[in-house]
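Please read the structure below before turning to the comments.
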Amino acid sequence: MNFEAWLRHQGLSASSVKKYESAVRGAMSQWAIDHGFIEGPLTSLVNRASFETIAAKIRALPIFQQRNQRGNNMYNAALIKFGEYLSKGYHGDIESDIDAIMDSAETSPTEKCNLVKSRIGQGIFRQKLMAYWGACSVTGFKDTQLLVASHIKPWSVSNNAERLDPFNGLLLIPNLDKTFDAGFITFNPAGVILISPLLTTPEKLGISQQLSVSLAQPHQVYMDFHRTTVFRAA
């Protein structure tokens, strides 16, 4: 779900959606680029902490203060809304997760290496999923170069053992990985797909009610967590 769609889902009027989305993607992104705060649009950010740092710099700009005053605080409201959007986790925040591991004093260098590779879907974790599934867990697509090692229970809330457990993972084609990671799809105990009502036009992503996955018993505790905590049921 992009920022514009999220704003609509929040019940904002069409005019407010247009103003906020345009302010973030257009004027304020350009101000940030012009002053060297960022290399691309604000909408390219997925890390809220990074965004808030840049937002503070934008708020200090004279042009922001002038335009925000003339616009009855609309520009500041748009920044607040975009921060709220990022906090919903529609994009996995890999940067923060890796920082947390690297800052851990209790984790050995070898463990850190394995965990970082696990977070980006590489290393031992990917090897175990490749050995178990051999193809996309859902579609059977076999070109492994295009498959993503995806955690079922999110990496950020798993302990170190769970982060490397192959039963906490699915091997997915990229469109399924992204939607599963963001909570727009999940699977019931029988392995049948559940599609969030927040996912617009799932058919354009090749997602339909006919998709399913073969889950073993050890998968169930992880998938139950995903259904109850990650899945966007409404």
- Task: List, in order, the whole-Hz ³J(HN,Hα) value for each residue of the stretch 30-46 obtained from phi through the Karplus relation with A = 6.51, B = -1.76, C = 1.60 and θ = phi - 60°; use x for Gly and Pro.
- Result: 5, 4, 5, 5, 4, 9, x, 7, 7, 9, x, x, 4, 5, 7, 7, 10
- When the charge dipole of the chain is computed with +1 on Lys and Arg Cβ and -1 on Asp and Glu Cβ about the Cα centre, the Cα farthest towards its positive end, among 127, 137, 234, belongs to 234
- Item | Convex hull volume per residue in cubic angstrom - Cα atoms of the stretch 3-87 | 78
- Fully extended, how many nm does the chain gain between residue 141 and residue 175 (0.36 nm per residue separation, minus their Cα-Cα distance)? 11.0 nm
- Message: Give the aspartates and glutamates reachable from residue 88 as a straight Cα distance under 15 Å; neighbours fewer than 8 places away on the same chain don't count.
- Response: 4, 52, 181
- Query: What is the spin-label model distance, in nm, from residue 103 to residue 2 if the labels are put 7 Å beyond Cα along the C-beta direction?
  - Reply: 3.2
- Charge dipole of the chain built from unit charges on the beta carbon (Lys, Arg +1; Asp, Glu -1), centred at mean Cα; most positive-end Cα among 176, 36, 154 is 36
- Label-point separation (nm) for residue 13 and residue 73, each offset 7 Å from Cα along Cα-to-Cβ? 1.7
- Which lysines have a Cα less than 16 Å from the Cα of residue 18, not counting those fewer than 8 places away in the same chain? 81
- Query: Using the Karplus equation 6.51 cos²θ - 1.76 cosθ + 1.60 (θ = phi - 60°), what ³J(HN,Hα) coupling, rounded to whole Hz, does each residue of the stretch 190-196 give in order, writing x for Gly and Pro?
  - Reply: 7, x, 7, 5, 10, 10, 5
- Let me have the 222 nm mean residue ellipticity of the chain computed from DSSP H runs of 4+ only, each contributing -39500 (n - 2.57), with the sum over all residues rounded to the nearest 500. -13500 deg cm²/dmol
- Out of 26, 169, 71, a Gaussian network model of the chain with alpha-carbon springs under 10 Å gives the largest mean-square fluctuation to 71
- Message: Could you give the length gained by full extension between residue 229 and residue 124, i.e. 0.36 nm per residue of separation minus their alpha carbon distance, to one decimal place?
- Response: 35.2 nm
- In debye to the nearest 20, how big a dipole does the stretch 94-230 give about its Cα centre with +1 on each Lys and Arg Cβ and -1 on each Asp and Glu Cβ? 360
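Bear in mind that the values in this text are calculations on the coordinates, not laboratory data. Note that the structure is predicted; figures quoted are calculated from it, not measured. A quick note on method: Cβ atoms are made from the backbone with ideal geometry, for glycine too, and the neighbour counts reach across all protein chains shown.
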